[in-house]
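Below is one structure; the comments refer to it alone.
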Amino acid sequence: MTAGEAALAVSGLTLGLASGHARQPLVEDLSFRIGRGEMLAFVGESGSGKSLTAAAIFGLLPPGIRRMAGAIRVGGTELTALPERALRARRGRDMGLVFQNPLTALSPSLGVQAQIVETYRVHKGGTREAARGRARALLTEVGLSALAAGPDRYPHQLSGGMRQRVMIALALACDPGLLIADEPTTALDTLIQVQIMDLLTRLQRERGLAVLFITHDLRLAARYADRILVLYAGRAVEEGDAASFFIAPRHPYSRALRDAIPPVPADGRRLAEIPGQPPGPQTRIEGCRFAPRCPDVRDDCRRVVPTMGPLGVRVACLHPGAPAP
Amino acid sequence: MSAGLRIEHLSVEYAARRRLGRPQGDTHKVLTDIGFTLLAGETLGIVGESGSGKTTLGHAVLRMTPPSSGRILWDSVDLAALDDRGLRPYRPHMQLVFQDPYEAMNPRMSIGCVIAEPLILACGLTRRARRIRVAQLASQVGLDESLLTRYPRELSGGQRQRAALARALATKPRLLVLDEPTSGLDVSLQARILNLLRDLQAEKGLSYLFISHDLAAVSYIAQRTLVLFRGHMMEQGPTDALIRRPAHPYTAALLAALPVPAERKAANSAAEVTRLPPDPGSRACVYYAGCATAQPRCRTEAPIATTLGDDHLVACHYPLHGAARDF
């Protein structure tokens, strides 16, 4: 991480239902930073709050859910203090978003080059010609030089991998410092998945882009991200260096996640299962939220809420496993 | 040889275009000359990307899609030669579990009714006997009995997949075609369903056709694996041999794309190949355009499956030798 201002700094973010009472927040006291040129992976199961956090950063929370506390700074600007108008100007310009399904995110009735031109001109203005040149350069940068040179194409004429590349070009149209990629490869075939992740890491390095990579695939996160943050039921449970994470996760939930992945080739052992299921927002749990499912639970886990601690010791567990050697 | 499923030279084609309901012009070949044997109590993994024909293969085996040629031998009876009426006695033997159980369930039927439906159609039990059987099926798949009165939308993804399994087991089948049964599930749920499938197999001697794009899940559950690419068999053999010593460049590419955390950011793990795909009418290998090791011969002559010993088949002129990758 660079010294000084991080590309994205979130602190104490708490999201909850706007109505109702005495319920658990959906995301609670979440803090993390992403430096320039760095990729942080959010790993967690469905309902853990990964995508909700991304929506909060973009100021696009679904109706009925609101931010109850916390600060979100992108490139040094506090976003939560901005009025909607100012926030809208920053979406797309300071931060780009890539979704899981590009076909629903792209307009079906406009050529892909035209969509990039439109986005660029809305934020940066300038002549149509200049924007068109910019669109061609972007398409080339994401490996679609054939599309950049040839006639414009509609999204339905492209393959899934090409569409996701277009989506990335669109997200980068205005040179944002931050890119949020929400399950960008989940809908893609294995071979294409690798190409898209290679592209994202290349852009991250070449452009000094800060990337928030949201995934449920711990293996992908460990292979491509610089750091991993594991979320469970709306709380961060562990954050660490991606390289050592897979070898020695410290939180019992992280360990359980890793041990549930079938190894290749198979080693003949039975896959570890996590008993029970994650608590819903209605369930109130005293102490650690993972305690009811934890294999190493002790008495104090049901009373004391573990916190992540300062930078360096980033595991929210009262009795964590040994750190990586 | 114990009784099982034997597929010989199975092909499926669809009419390329339809006008006024009638097929016009060319046909589109979805599966070409597929053959394999699945023994009782064993699992065969079918691996391929979208469009490889893996779902069609599952459907063709169950005669849900009519094969255009080839034989489907079940207990030495050729199912491909039977008409709908002749097939009826064999239908309960084999069942299908879909990727998305929610889409496959009537949203207005309770889970108990969903599981009971095949019993009404195939087994002719009394209402009382049915209720007992449904409860028994639910407990076999670890589905809480209190959920039987709920509706599909009230269940979680993992619970729905258990209900789908219970329904498939209702007719006491010997073969289950599992079409991406764990793809929509979180890892922790995937592990539980995979373990449940293994337990059921050990208990009942079921055979599985396990269709998946996920080599990791396949390697966990399948003794043998068949790799499909655009409707053609690329390679098949014992899963362990196929993963440790892939002979086909396509299998090797799939394995290289598997995210292995230890190999961080191995650059160009799947280099983009820009060779143009062969013309549809040409004799080229179907994998020619994507192949990292293609030779001139691959453009003019389609390889036929040859054996590497140990039941390991590969359709490639230049199979890879030795370990392509250390684990």
Quiz prompt | A:39, A:308 arranged by Cβ crowding within 10 Å, fewest neighbours leading | solution = A:308, A:39
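In what sequence do B:197, B:155 fall when counting other Cβ within 10 Å, fewest first?
Details: B:197 24, B:155 19.
Neighbour counts put them in this order, fewest first: B:155, B:197.
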Exercise. Express in nm, to one decimal, how much length is gained between residue B:71 and residue B:307 on full extension, taking 0.36 nm for each residue of separation and deducting their alpha carbon distance.
Key: 82.9 nm
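Exposure proxy check: B:232, B:9 ranked by fewest other beta carbons within 10 Å?
B:9, B:232
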Exercise. State whether the range A:88-169 is rounded, prolate or oblate according to the following rule on the C-alpha gyration tensor (a ≥ b ≥ c being the square roots of its eigenvalues): a/c under 1.5 gives rounded; otherwise a/b larger than b/c gives prolate, and the remaining case gives oblate.
Key: oblate
Quiz prompt | Isotropically averaged projected area of chain A, using the convex hull of Cα atoms (one quarter of hull area), nm² | solution = 18.3 nm²
Quiz prompt | ³J(HN,Hα) computed for each position of the range A:43-54 - Karplus, 6.51 cos²θ - 1.76 cosθ + 1.60, integer Hz, glycine/proline x | solution = 10, x, 7, 4, x, 7, x, 4, 5, 5, 5, 4
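Using a 10 angstrom Cβ neighbour count of at most 16 plus a DSSP loop assignment to flag exposed trypsin sites (Lys or Arg not before Pro), which longest range of chain B is free of such sites? Spell out each step's value before the answer.
Numbers: sites that count: B:108, B:150, B:264, B:265, B:275, B:283, B:325.
In short, B:151-263.
I'd like the per residue volume of the convex hull spanned by the Cα atoms of the range A:121-236, given in cubic angstrom. List each step's numbers first, then the result.
Values: hull volume 15.2 nm³, N = 116.
Hull volume normalised by residue count: 131 Å³.
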Quiz item: Could you give me the ³J(HN,Hα) list for the range A:208-215, computed from phi with Karplus coefficients 6.51, -1.76, 1.60 and θ = phi - 60°, whole Hz, x at Gly and Pro?
Solution: x, 7, 8, 10, 9, 9, 9, 8
Practice problem: State, to one decimal in nm, how far the label point of residue A:103 lies from the label point of residue A:17, with both points 7 Å from Cα in the Cβ direction. | Solution: 3.4 nm
Quiz item: Just counting partner chain Cβ atoms within 10 Å, what average do the residues of peptide B:133-142 show around their Cβ?
Solution: 0
Quiz item: What shape does chain B take by its C-alpha gyration tensor, where a ≥ b ≥ c are the square roots of the eigenvalues and a/c under 1.5 counts as rounded, a/b above b/c as prolate, and the rest as oblate?
Solution: prolate
Self-check item: Partner chain coverage, peptide A:266-276 - average Cβ within 10 angstrom
Solution: 5
Quiz item: If the cut-off is 17 Å between C-alpha atoms, which aspartates and glutamates fall inside it for residue A:124, apart from same-chain ones fewer than 8 positions away?
Solution: A:94, A:175
Exercise. Along Cα→Cβ, 7 Å out, is where each label goes; now give me the distance between the ones at residue B:295 and residue B:149 in nm to one decimal.
Key: 7.0 nm
Quiz item: Under 17 Å from the Cα of residue B:172, which lysines turn up, not counting those fewer than eight places away in the same chain?
Solution: B:204
Self-check item: Distance-filtered residues of the range A:168-203 - backbone nitrogen under 12 Å, label point 7 angstrom along residue A:137 Cα→Cβ
Solution: A:173-175
Practice problem: With only Lys, Arg, Asp and Glu charged, each at its Cβ (+1 for the first two, -1 for the last two), find how big the charge dipole of the range B:48-160 is about the Cα centre; round to the nearest 20 debye. | Solution: 460 debye
Quiz item: Once the mean 1/r over all distinct Cα pairs of the range A:1-153 is inverted, what Kirkwood radius in angstroms do you read off?
Solution: 17.8 Å
Practice problem: Any chance you could list P(r) for the range B:56-139, counting all Cα-Cα pairs in 5 angstrom bins from zero, rounded to whole %? | Solution: 3, 12, 19, 19, 17, 15, 11, 4, 1
Self-check item: Hits among lysines - C-alpha to C-alpha of residue A:50 under 27 Å, sequence gap 8 or more where chains match
Solution: B:265
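Classify the protein assembly as shown from the C-alpha gyration tensor, please: rounded if a/c falls under 1.5, else prolate or oblate depending on whether a/b exceeds b/c. Please report the intermediate quantities before stating the final value.
Details: a/c = 1.73, a/b = 1.24, b/c = 1.39.
Here the protein assembly as shown falls in the oblate category.
Since every read-out is calculated from the coordinates, none of them should be taken as a lab result. Everything quoted here is computed from the prediction, not taken from an experiment. For neighbour counting, all protein chains shown are included, and Cβ atoms are generated from backbone atoms with ideal geometry for every residue, glycine included.
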